[in-house]
Structure formats: C-alpha cells, structure tokens
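Beneath this line is the structure, given in structure tokens, with notes to follow.
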Amino acid sequence: MSTSLPKEREVDRSDHIDQPGTLTGSVLPTALDRSADFWRRMALGGLAVSLSFVVAAIPIIVSGKNPLLAYWALVRGACGSVDSIAFALNKSTPYILAGVGVALCFRARVINIGAEGQIAVGGIAASWIVLSATALPGELLIPLALLGGACAGGGWAAIAAVMRLARGVHEVLGTLLLNFVGLLLVSEVLHGPMGEVGAGFPQSPLFPEQAWLPPLIPGTDLHIGIILAVLAVFVFHLVFWHTPFGFRLRLLGSTDAAAAYAGVSIVRSLFSVMLIAGALAGVAGAVEVLGVHYRLIQGFSVGFGFNAVAIALLASLNPIAVLPAGLFFGFLETGALAMQREIGVPSSLVFVIQGLTMVFVLCALGISLRRQRI
Amino acid sequence: MDYPVIIELLTASVRIATPLLFVALGGVISESGGTFAVGVEGMMLGGAFGGAVTVLVTKNILLGLLASSISGALFATIIAVATVRFRTDHMVTGLAVNIFALGLTSFLLRGLFGGKTPVMVLPTLSTVRIPWLCTLPLAGPVLFDEPLMTYLAFLLIIPVHLFLRRTRAGLTLRAVGENPSAAFSVGASPEQIRMVAVIVCGAFAGLGGAVLSLQELGTFTDGMTNGRGFLALAAIIVGRWMPFRVMWGCLLIGAASALALNIQGWGLPLSSYVIQMTPYLIALAVLCGIGRKARMPQAIGKAFIRN
C-alpha cells in the first residue's frame with residue numbers, strides 16, 4: 001500500500017438528514033467537461049444579449065427616441081464600412097486579451113476585477129520603455145515594450161494576490177482599490193516625468209514611429225494587436241483544457257474538496273492565475289498605447305476592466321468563447337459611438353447593455369445549475 | 001498644526017465620512033444577512049442621480065431624499081432577486097449592477113433632457129447649528145455645525161446597532177447570515193429576509209449618494225461616486241460588521257482623505273495625484289493590517305437551498 005495516496009476525508013452524511021437546507025457557493029459555471037455544453041452556452045449568451053437589447057429599449061423610449069432606429073444606426077455604425085470594422089477590431093483587442101485572463105481567474109473562482117489597473121500600469125511600462133529606448137529598431141522595441149507591459153501588469157496583479165494569500169484581503173476589494181491607484185499612477189507620470197511639455201491634455205510625447213504597431217491591412221487603422229489577441233485565446237484554450245495547470249484551475253473551480261483531494265496547491269494556483277491574468281491585461285495596455293494612441297494618455301484604460309469582466313461572463317468563462325464575446329463588445333461600442341453622432345442617443349447605452357447582459361447571463365447560469373441539481 | 005487647521009481637518013473628515021457611513025450601514029445590514037454588498041457603488045450612484053433629478057424638477061430637497069433612497073432600493077432589488085432567486089454570484093452580480101447603474105444614470109442624464117447634459121445647480125442642504133452645543137470647544141464646530149444628513153448618518157448608527165443586537169428581527173437577520181439552515185428550522189424564511197436586507201441596504205446607499213449630490217456638490221456628474229462605495233466596503237471590514245466600529249472605519253478613511261486634501265496646501269514635494277491615492281492606499285493598508293482577524297458572517301456569499 002503506497003503511503004503517498006491522499007487519505008480520504010471523512011464525509012459526514014448526516015448533514016442531509018438533519019439540516020432543512022443546504023448552502024452552496026457562488027454560482028459560476030464550473031463544468032469540468034469541454035464540449036458538452038459549449039453550444040448551449042453560446043445560445044445562452046445570445047439569448048442574454050437579445051434580452052438586454054429588449055430591456056435597454058425602455059430607457060431609449062423614455063428619452064423620446066425610437067429604439068429600432070437607434071439599433072439600426074448602431075449596426076450600421078459598427079459594420080457599415082471598412083474603417084468602422086477596423087476600428088471595432090482594434091477596440092476588441094484589449095478587451096479580448098484582458099477578458100481571457102479574467103475568464104481563467106473566474107474559472108478558478110478567483111474574482112479578479114483589477115484588469116483596469118493592470119492595463120494602466122502595463123501601458124505605463126510600455127510607454128516608458130518606448131520613450132527611453134528610442135534608438136532601438138522596431139523589431140526589438142515592440143516586443144520589449146509588450147514584455148514590459150506584461151511584467152508590469154503581472155506585478156500589479158501579484159500585489160493583490162499576495163495581499164489575498166498573506167493577509168486574507170479578499171481579491172475583489174484588493175483589485176478594485178488597486179484600480180484607482182493604477183489610474184492615478186497614469187495621471188501622476190503624465191504630470192511628472194513622462195508628460196509632454198506644453199500639451200493641453202495630460203499625455204506623453206508621441207512615440208517614435210518604429211514603435212507603432214504595424215498595420216495588419218495596409219491603408220486601414222487595423223494593427224497587428226488583434227493577431228496577438230486571437231493567439232492568446234487559442235493558447236489559453238489549449239492550456240486550460242490540455243495541460244495539468246489547466247486541470248488544476250478547473251479543479252479549483254469545481255469544489256474545494258475536489259481540489260484538496262487532488263493535492264492542488266490553492267496558493268500556487270491562485271498566484272499563477274492572477275499573474276497570467278495581470279500579464280495579459282498588461283499586454284492589453286501596451287497594445288492600446290502602441291497601436292491606437294501612439295502615446296500614453298490620461299484615463300486610456302477607463303472602463304476596460306469591467307468590459308473584461310462582462311466579456312468573460314458572456315463567454316461563460318470559456319477561454320475560446322472570449323473571442324466572439326470580445327468582438328461583440330468591440331463592435332457594440334463602435335456602433336454606439338456612431339449612434340450617438342447620428343441620432344443623439346447617448347453612447348452610455350453600452351454600459352446599460354453590458355450590465356444587463358451580465359445580470360441575465362448570471363441568472364441563466366443559475367437556472368441551468370438548478371436544473372442540473374434536480 | 002494649530003487649532004484652526006485641526007478644526008478644518010476634523011470637519012472635513014466628518015464631511016467625507018458622511019456618505020461612506022450611510023453606505024456602510026446599509027452594507028452592514030446586507031452583509032449581516034449573508035449577501036456581499038459589492039453593488040453599493042451602483043446603488044449609491046443611483047441614489048445620487050434620483051435625488052438630483054427629483055430636486056431639479058420639483059425643487060424640493062425632502063422629495064429628493066425620498067427619491068434617492070427609492071432609486072437606491074430599486075437597483076438593490078435587481079441584486080436581491082438575482083442572488084436569492086437565481087442564486088447568482090454575489091460579487092459579480094454586484095459588479096454587473098454597478099455597470100448598469102453607471103450606464104443608466106449617464107444615459108438618462110442626457111436622454112431625459114433632450115440629448116444634452118443639463119446644467120445642474122441644485123440647492124444644497126445648509127448647515128444646522130445645534131444651539132449651545134455648537135459653542136463647545138473643538139466638538140462644537142466639528143460635530144454640531146453640520147448639514148442635516150450628517151446628523152442623520154451619525155444618529156442612524158444607534159438604531160442600526162440596536163436593531164442588529166437587541167431586536168428579534170435583527171437577530172434573525174444575523175442568524176440568516178451565520179447559518180440559514182438553523183434560522184429556517186426555527187421558522188424564518190432566509191430567502192425573504194435576505195431580499196429585504198439587500199433592498200434596505202439599497203435605500204441606505206441611495207441616501208449616501210444623495211449626500212454627494214444634494215449636500216456636498218449640488219449637482220450630478222457621470223460616475224460621481226468614484227469608488228466611494230468600495231471604500232465603504234473596506235470600512236465595513238475594518239469595523240468587523242459592527243455599526244459603531246464601522247463608523248470609526250469611515251472616519252479613518254475620511255481623515256485620510258481630508259489630510260490628503262489639506263497636504264496639498266503645505267507645499268510638500270508630492271503631486272496631487274499621489275495624494276489622491278492615499279484613501280485607497282490607507283484602506284488597503286488597514287485591510288492588510290487586520291488580516292485574517294476579520295471574521296465575516298459565516299454564510300456570506302453562499303446561497304441557501306431548501307431541501
């Protein structure tokens with residue numbers, strides 16, 4: 001008899017007789033199998049999105065506009081021209097990158113909502129590298145800046161992870177509060193060492209041209225960041241479903257007992273998943289400054305973190321489904337900006353739809369889980 | 001530091017702590033019943049908006065306060081239904097409602113007034129001097145020369161404390177937060193109690209928002225709560241879910257912010273952005289300091305299922 005086998009825990013089954021009710025943890029999807037309900041979840045996401053468009057029509061009507069016209073303007077604005085599609089793809093890129101990380105975290109039941117701060121510091125690091133190593137050629141400078149962004153974002157997430165593991169500070173509060181610090185850090189460097197002298201707006205000087213992310217399709221604004229995002233989705237899809245690390249994450253997401261039984265170190269897994277998510281968000285920040293603005297600007301990451309959470313949820317926390325979910329939100333935002341320009345419906349409708357989608361996805365997951373239980 | 005500076009600092013601490021205190025008291029009620037109150041940020045924003053718009057239209061501040069607590073409660077209702085009826089994750093549901101509230105208030109602010117942000121200059125609650133008490137040294141100007149809602153916030157601590165510790169309803173609420181099965185076995189309905197607690201939390205948080213829009217600033221701007229709801233959550237943990245201690249938590253964060261505002265005038269070699277970080281950093285530092293000593297309600301964040 002091998003002594004290395006874990007000892008089976010005693011299970012007190014009297015619970016079920018004595019107690020008039022049971023307690024369950026968070027209702028986040030925790031299925032261990034891959035293909036079983038992928039399409040059902042895609043359908044669920046579609047349903048949640050449609051339902052939120054229906055409900056979001058109410059405030060549009062209240063403000064005296066025709067929701068059908070508004071949505072038509074939104075669709076036209078999102079995919080009406082090559083330019084708008086390029087714009088939407090660029091918008092989706094950081095969302096997808098950060099969304100993959102958040103999905104992995106949630107899957108391991110680590111509620112990391114600090115993507116916003118991680119994106120911010122990732123952007124700072126990338127900008128700093130680009131602005132101080134101007135002599136390097138682009139082939140070297142861009143990877144270096146992306147790497148710097150990843151390190152900074154990972155480090156920022158690590159702070160929250162350490163606070164959680166060493167001092168028991170819940171990661172929700174840790175990451176949330178660090179978001180505000182990260183955003184202020186951007187303002188700080190722009191008003192101090194990295195600010196452009198004489199600019200009316202808090203921003204850094206323009207990056208040297210070799211540091212700009214090259215266009216994917218010449219003649220459009222579409223940069224190669226989207227390739228990175230798609231790559232990240234597929235890599236982490238494989239990691240999640242086909243590696244021991246991914247298996248540990250899935251175990252962590254199922255039950256504490258299962259994870260403990262399999263000898264999963266919660267400390268190590270939590271730390272590494274936060275690090276990965278932070279690094280991905282950091283890359284997102286780097287991509288945003290190198291590919292879209294060509295400089296660091298104040299508040300460039302505002303709203304990105306919650307977008308990432310909404311996308312991860314809409315994807316039902318499935319790394320590969322983050323891709324369509326992220327694209328959807330990118331196109332939605334692009335369309336909303338056009339809708340505001342054309343018929344004067346405020347673009348903050350995006351947040352209304354996002355919030356509603358999240359609520360509906362959560363409720364639908366709750367219902368489906370309840371069915372499974374019975 | 002001389003006397004006027006100290007008075008100024010303490011007054012500012014109390015002023016900044018006021019909205020946090022409303023939100024934190026609501027959060028204590030919600031979390032005592034076992035529901036994480038991450039959605040308070042959105043409830044607060046909803047309250048600030050509802051109050052501001054009502055006062056803009058009716059010019060009646062009392063109606064505005066009523067409207068703000070109702071708006072806060074409405075946003076809370078979404079969380080109550082989702083977490084209790086659909087057993088959704090408390091944290092993520094709270095976040096979803098925060099985003100929803102941010103979007104809806106920003107949308108309606110423009111949509112209700114013909115597509116453009118209206119210029120809002122609202123009458124604000126003026127300070128009320130308590131006769132005799134306001135002449136006390138130090139305590140007088142700091143505590144007894146404040147606007148109405150500040151008195152209300154600090155007075156509310158007592159009934160909330162008594163409710164949670166001394167009344168049957170309050171004890172049942174806490175029982176539901178600690179062990180819903182046990183509460184259920186003696187005839188309480190954990191689901192119903194949790195929903196009511198979350199909605200009451202929304203009304204409190206809505207009033208906290210009203211403090212911002214109707215007492216402090218006299219206007220509404222997009223996302224004006226700016227993380228205050230989350231700071232209140234930190235204060236709840238600092239105060240270990242006990243109203244009086246939570247008050248000290250709020251005052252601590254208030255003092256940190258007040259000091260931060262005041263330091264800017266001292267000519268220290270610190271930029272205003274670093275200084276603006278202090279409340280968040282202090283909150284994090286205190287949370288780290290408390291560490292695992294914080295004992296939250298046992299069944300918090302867990303859904304109750306009847307067998």
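Taking trypsin sites (Lys or Arg not before Pro) as candidate sites, keep only those in a DSSP loop with at most 11 other Cβ atoms within 10 Å, then name the longest stretch of chain A containing none of them.
Here the longest segment lacking exposed loop sites spans A:14-374.
Translational diffusion coefficient of the range A:38-373 at 20 °C, 1.002 mPa s, Stokes-Einstein with Kirkwood Rh over Cα pairs, in µm²/s as a whole number.
Rounded, D is 105 µm²/s.
Among A:A284, A:P319, A:Q340, which residue has its Cα furthest toward the positive end of the charge dipole of the range A:238-374, with +1 on Lys/Arg Cβ and -1 on Asp/Glu Cβ?
A:P319
How much net charge surrounds B:M91 when only the other residues with a Cβ under 13 Å from the Cβ of B:M91 are counted, with Lys and Arg +1 and Asp and Glu -1?
Here the count lands on -2.
What list do you get for A:H223, A:H293 if you sort them by fewest beta carbons within 10 Å?
Going from sparsest to densest Cβ surroundings: A:H293, A:H223.
Nearest 10 degrees is fine. How inclined is helix B:228-238 to the longest principal axis of chain B, computing both from alpha carbons?
Helix B:228-238 sits at roughly 70 degrees to that axis.
Is the protein assembly as shown best put as rounded, prolate or oblate by its Cα gyration tensor, with a ≥ b ≥ c the root eigenvalues, rounded for a/c under 1.5, and otherwise prolate when a/b is larger than b/c, oblate when not?
rounded
Compute, for the protein assembly as shown, the length of the dipole vector about the Cα centre, with Cβ point charges of +1 (Lys, Arg) and -1 (Asp, Glu) only. Units Debye, rounded to 20.
1760
Using label points projected 7 Å from each Cα along Cα→Cβ, tell me how many nm separate B:T127 and A:L47, to one decimal.
5.8
For chain B, what relative contact order do you get, as a whole percent, if you take Cα pairs closer than 8 Å and at least 6 residues apart?
After rounding, I find 36 percent.
Once the other residues with Cβ under 14 Å from the Cβ of B:A197 are scored (Lys, Arg +1; Asp, Glu -1), what is the net sum?
-1
With N set to the residue count of the range A:232-374, report its C-alpha Rg divided by 2.2 N^0.38 Å to two decimal places.
1.25
How large is the Kirkwood hydrodynamic radius of the range A:131-240, counting all unique pairs of alpha carbons, in Å?
17.0
Can you tell which of A:F328, A:S81, A:L136 lies farthest toward the positive end of the dipole of the range A:38-373, using +1 and -1 charges on the Cβ of basic and acidic side chains (Lys, Arg; Asp, Glu)?
A:F328
Most mobile of B:S189, B:S71, B:S272 per a Gaussian network model of chain B (Cα springs, under 10 Å)?
B:S272
Among B:F184, B:F204, B:F86, which one shows the highest mean-square fluctuation when chain B is modelled as a Gaussian network with alpha-carbon springs under 10 Å?
Among B:F184, B:F204, B:F86, the largest GNM mean-square fluctuation belongs to B:F86.
Relative contact order for chain A: what is it in percent, counting Cα pairs under 8 Å that are at least 6 residues apart?
34
Per-residue ellipticity at 222 nm for chain B, helices alone: DSSP H runs ≥ 4 residues times -39500 (n - 2.57), over residue total, nearest 500 deg cm²/dmol?
-22500 deg cm²/dmol
Counting other Cβ atoms within 10 Å of each Cβ, which chymotrypsin sites (Phe, Trp or Tyr not before Pro) in the range B:88-145 have at most 15 and sit in a DSSP loop?
B:F113, B:W132
Arrange A:F236, B:F154, A:F351, A:F201 by Cβ neighbour counts within 10 Å, fewest through most, would you?
With the sparsest Cβ surroundings first, the list reads A:F201, B:F154, A:F236, A:F351.
Where does helix A:266-288 land angle-wise versus the long Cα axis of chain A, in degrees 0 to 90, nearest 10?
So the inclination is approximately 20 degrees.
Give me the net charge of B:G140's neighbourhood, meaning all other residues with Cβ under 15 Å from the Cβ of B:G140; Lys, Arg count +1, Asp, Glu -1.
Taking every Cβ under 15 Å from that of B:G140, the sum is -2.
Which residues in the range B:188-206 have a backbone N closer than 20 Å to a point placed 7 Å from the Cα of B:V57 along the Cα-to-Cβ line?
Answer for the range B:188-206: B:203, B:206.
Does the range B:187-291 come out rounded, prolate or oblate by the C-alpha gyration tensor, with a ≥ b ≥ c the root eigenvalues, rounded set by a/c under 1.5 and, if not, prolate when a/b is larger than b/c and oblate if not?
The shape class here is oblate.
List A:Y294, B:Y151, B:Y3 from most exposed to least, where exposure is judged by having the fewest other Cβ atoms within 10 Å.
B:Y3, B:Y151, A:Y294
When chain A is treated as a GNM, springs tying every alpha-carbon pair under 10 Å, which of A:V361, A:V345, A:V62 comes out with the largest mean-square fluctuation?
A:V62
Given a Förster distance of 56 angstrom, what is the FRET efficiency for A:F201 paired with A:Y261, based on the Cβ-Cβ distance and rounded to 0.05?
For A:F201 and A:Y261, the calculated efficiency is 0.50.
Calculate how steeply helix A:138-167 sits against the longest principal axis of the alpha-carbon atoms of chain A, using the helix alpha-carbon long axis, and give the answer as 0 to 90 degrees to the nearest 10.
40
Over the range B:84-202, what is the relative contact order in whole percent, taking alpha-carbon pairs under 8 Å and six or more residues apart?
Worked out over the range B:84-202, it gives 16 percent.
Hey, rough spin-label estimate for A:V162 and A:S132, points 7 angstrom out along Cα→Cβ, what's it come to in nanometres?
2.0
Readers should treat all values here as calculations from the given coordinates under stated rules, not as data from a laboratory. Quick caveat: nothing in here was measured; it's all calculated off a predicted structure. Backbone-built Cβ (ideal geometry, glycine too); neighbour counts: all protein chains shown.
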